[in-house]
């Protein structure tokens, strides 16, 4: 919610994460490691520019990507979006209640399932300690677990003939 249009470098396809919003209060990010530039995929950049053209074509660099709908000049409250949209969507999809960190956990797990280097995962998630990335955010993917287990079993157990 702390993103402003000026945080994006459209030419280099990057976004500079430099502030956060907690309970309506705009502040610096939690840690120095959180304050960094991250890649923005061309498809996402295109969607964001379309969103800007539709919702705020005259927005300045200091304007919020997701402004309050009440004309306060402040960003939207993350909890309000979570309550009104994420929680019901998660329940409708049969996933249970979703929160903002659900996206971070999913992103971490997907990166791991793609066998992305651990250091790259850590930096994309902006964690100062790789143990946070691996011990808290990343989950094993069931298919990968089954495949790994099968490989070990096939190494130690002789093949059995069926029938």
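The values are calculated or read from the model by the stated rules, or taken from the named source; none is laboratory data. All values derive from a computational prediction rather than experimental measurement. Neighbour counts are summed over all protein chains in view; Cβ atoms, including those assigned to glycine, are modelled from backbone coordinates with ideal geometry.
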Which number in (1) assigned by TED's automatic domain parsing to the domain that holds residue 24; (2) surrounded by 14 or more Cβ atoms within 10 Å (Cβ to Cβ) marks the one condition that residue 89 misses? (2)
Exposed (fewer than 12 other Cβ atoms within 10 Å of the Cβ) and in a helix (DSSP H, G or I): is that true of residue 43 in this structure? yes
Cβ contacts < 7 Å: first residue closer than 14 Å to residue 17 by Cβ, restricted to the stretch 37-54; second residue in a helix (DSSP H, G or I), any location; separation 6+ or different chain. Result? 38/124
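Only one of these is more than 19 Å from the chain's Cα centre (by Cα), closer than 12 Å to residue 1 by Cα and without any contact (Cβ under 8 Å) to a residue 40 or more places away in the chain: 27, 63. Name it.
Details: 63 fails: without any contact (Cβ under 8 Å) to a residue 40 or more places away in the chain.
The conditions single out 27.
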Residue among 151, 119, 161 that alone is farther than 30 Å from residue 18 by Cα and modelled with pLDDT of 80 or more: 151
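Restricting to the stretch 1-29, give me the number of residues that are surrounded by 15 or more Cβ atoms within 10 Å (Cβ to Cβ) and either assigned to a strand (DSSP E or B) or in contact with a helix residue (DSSP H, G or I) (Cβ under 6 Å, 6 or more places away or on another chain) (or both).
Residues that pass the stated criteria total 10.
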Check residue 94 against each of (1) under 30 Å from residue 27 (Cα atoms); (2) modelled with pLDDT of 85 or more and name the one condition it does not meet. (1)
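For the condition under 30 Å from residue 37 (Cα atoms) and either touching a residue at least 12 places away in the same chain (Cβ under 8 Å) or in contact with a strand residue (DSSP E or B) (Cβ under 7 Å, 6 or more places away or on another chain) (or both), what is the one hit in 101, 127? Step through it out loud before you land on a result.
Values: 101 fails: either touching a residue at least 12 places away in the same chain (Cβ under 8 Å) or in contact with a strand residue (DSSP E or B) (Cβ under 7 Å, 6 or more places away or on another chain) (or both).
Only one candidate passes the filter, namely 127.
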